[in-house]
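The values are calculated or read from the model by the stated rules, or taken from the named source; none is laboratory data. Not measured: the values here are computed from a predicted model. For neighbour counting, all protein chains shown are included, and Cβ atoms are generated from backbone atoms with ideal geometry for every residue, glycine included. In case anyone asks, the SASA skips ligands and DNA or RNA and just uses the protein heavy atoms, side chains included. Shrake-Rupley method; radii C 1.70, N 1.55, O 1.52, S 1.80 Å.
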Amino acid sequence: MDIHEYQAKELFRSAGIPVPPGEVARTPAEARRIAEELGGRVVVKAQVHIGGRGKAGGVRLASSATEAESHASDILGMDIRGLTVGKVLVTRAEDIASEAYVAVLIDRRRQSPVFIVSPEGGVDIEEVAAERPEAILRLPVDPRYGLLPHQAFRLADFLYAEAGHARQAARIMDRLYRVFTSNSCSLAEINPLIVTVAGQVRAIDAKVSLDDSGMKRLPELEALRDTSSEPASETRARQAGLSFVKLDGDVGCCVNGAGLAMATMDLVKYYGGRPANFLDIGGSSNPDKVVAALEIIASDPHVKVILFNIFGGITRCDDVAKGIVEARSRTAIAPPIVIRLSGTNEAEAIEILGEAGLAAYSSMDQVVERAVRMAGSA
């Protein structure tokens with residue numbers, strides 16, 4: 001779950017991380033009022049869950065309240081990579097002497113948090129990693145002990161030669177780690193972390209991603225979710241209890257179990273296709289989940305064929321078959337459906353599908369190869 005920059009900055013501010021003052025505006029008039037209250041130069045920043053806001057024209061510097069109002073008028077309603085801007089953050093502009101990059105995220109290979117820092121901030125860290133890997137320091141953190149003081153200073157020393165700047169940065173590292181752990185984060189990023197002309201170290205941008213699995217124990221953070229800034233398919237999948245990730249291919253995949261889902265997508269790629277999504281219906285035998293899954297996949301205009309790959313254990317094949325038939329009776333499903341069912345109540349499932357004019361296969365290779373071939377000829 002991503003949250004907006006202004007929300008992430010509130011988490012930072014609560015933890016004692018220095019961030020510039022600012023407020024959210026939903027109208028140009030509100031942006032003008034906020035700019036007048038802040039005084040001096042301000043930055044007007046689009047609030048959407050997507051990167052590349054600056055390159056798209058969604059981040060603009062204003063030297064007056066009138067200019068801030070004009071920028072807000074241009075940015076509000078702007079489309080940035082498929083998302084419509086509904087609000088802007090108006091925040092005080094800083095006089096920047098240097099920019100750095102700081103983030104803490106989950107390293108799944110190490111199964112621990114890891115800090116990534118670079119003295120080259122304000123740009124895509126992927127570019128720095130590819131072109132100047134020596135400009136990046138990675139430091140794993142043992143979750144049993146947290147970020148230790150000497151580790152915080154090691155990170156800070158990598159960024160700053162001036163001792164005063166390093167001390168400020170070390171305190172920010174410690175507080176950023178507390179934000180990360182106390183809010184069930186998968187990512188907490190500052191890009192850039194700046195040193196002002198006056199020598200103050202500040203976080204002038206904030207990006208935080210929260211682990212959905214932790215939201216049940218942190219209901220106050222669940223309230224930060226902005227469904228208008230996420231794809232409708234992801235919202236519906238979450239509400240239906242489905243694990244769903246949109247991809248850029250044309251073979252829609254509906255599978256039970258994360259491991260089988262990954263293997264299915266690998267096989268789609270092996271046979272020359274491109275998966276359109278990751279969708280795991282889990283171990284449920286509820287046909288309504290299958291109906292929701294099929295409707296979500298079919299709503300993607302890029303999907304040319306829908307591939308079901310079900311290995312029935314807890315998930316009963318006949319319930320999946322009932323869900324497929326029910327979905328086709330409720331709504332027009334344009335893409336053809338290719339089905340593999342194997343396991344619990346497989347014979348009953350094949351009979352249900354046969355009565356609806358659908359065929360099922362038992363070979364995983366056969367059904368994936370067929371789906372890829374159909375997508376290629378569509």
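Things to note:
- Sulfur and carbon atoms: percent of accessible area, segment 8-127 [1.4 Å]: 47 percent
- Alpha carbon convex hull of segment 231-377, projected area averaged over orientations, nm²: 7.3 nm²
- Per-residue ellipticity at 222 nm computed for the chain from its helices equals -11500 deg cm²/dmol, with DSSP H segments shorter than 4 residues left out and the rest contributing -39,500 (n - 2.57).
- For segment 297-378, a Kirkwood hydrodynamic radius built from all Cα pairs, placed in the Stokes-Einstein relation at 37 °C and 0.692 mPa s, yields a translational diffusion coefficient of 254 µm²/s.
- Surrounding net charge for ALA293, when Lys and Arg each add one and Asp and Glu each subtract one, Cβ distance under 14 Å: 0
- Rounded to 5, percent antiparallel among DSSP beta bridges of the chain: 75 percent
- Ratio Rg/Rh [Cα only; Rh per Kirkwood] for segment 31-146: 1.08
- When the pairs LYS216/LYS322; LYS45/LYS207; LYS87/LYS246; LYS289/LYS322; LYS9/LYS87 are compared against a 22 Å limit on Cα-Cα distance, LYS216/LYS322; LYS87/LYS246 fall above it.
- Compactness of the chain, expressed as Rg and Dmax over alpha-carbon positions, Å: 24.6, 76
- Alpha-carbon centroid distance for the pair segment 310-337 / segment 34-77, whole angstrom: 48 Å
- On the beta carbon distance between PHE153 and ARG41, with R0 = 22 Å, the FRET formula returns roughly 0.10.
- Within segment 167-276, the proportion of C-alpha pairs whose separation exceeds 24 Å stands at 49%.
- By accessible area, using a 1.4 Å probe on protein heavy atoms only, segment 181-220 has 47% of its surface on carbon and sulfur.
- Note that the chain presents 46 Å² accessible area per residue, ligands and nucleic acids not counted, probe 1.4 Å.
- Solvent-accessible area assigned to carbon and sulfur over segment 231-377 amounts to 52 percent, based on a 1.4 Å probe.
- Within segment 86-179, chymotrypsin sites (Phe, Trp or Tyr not before Pro) in DSSP loop having at most 10 other beta-carbon neighbours inside 10 Å: TYR145
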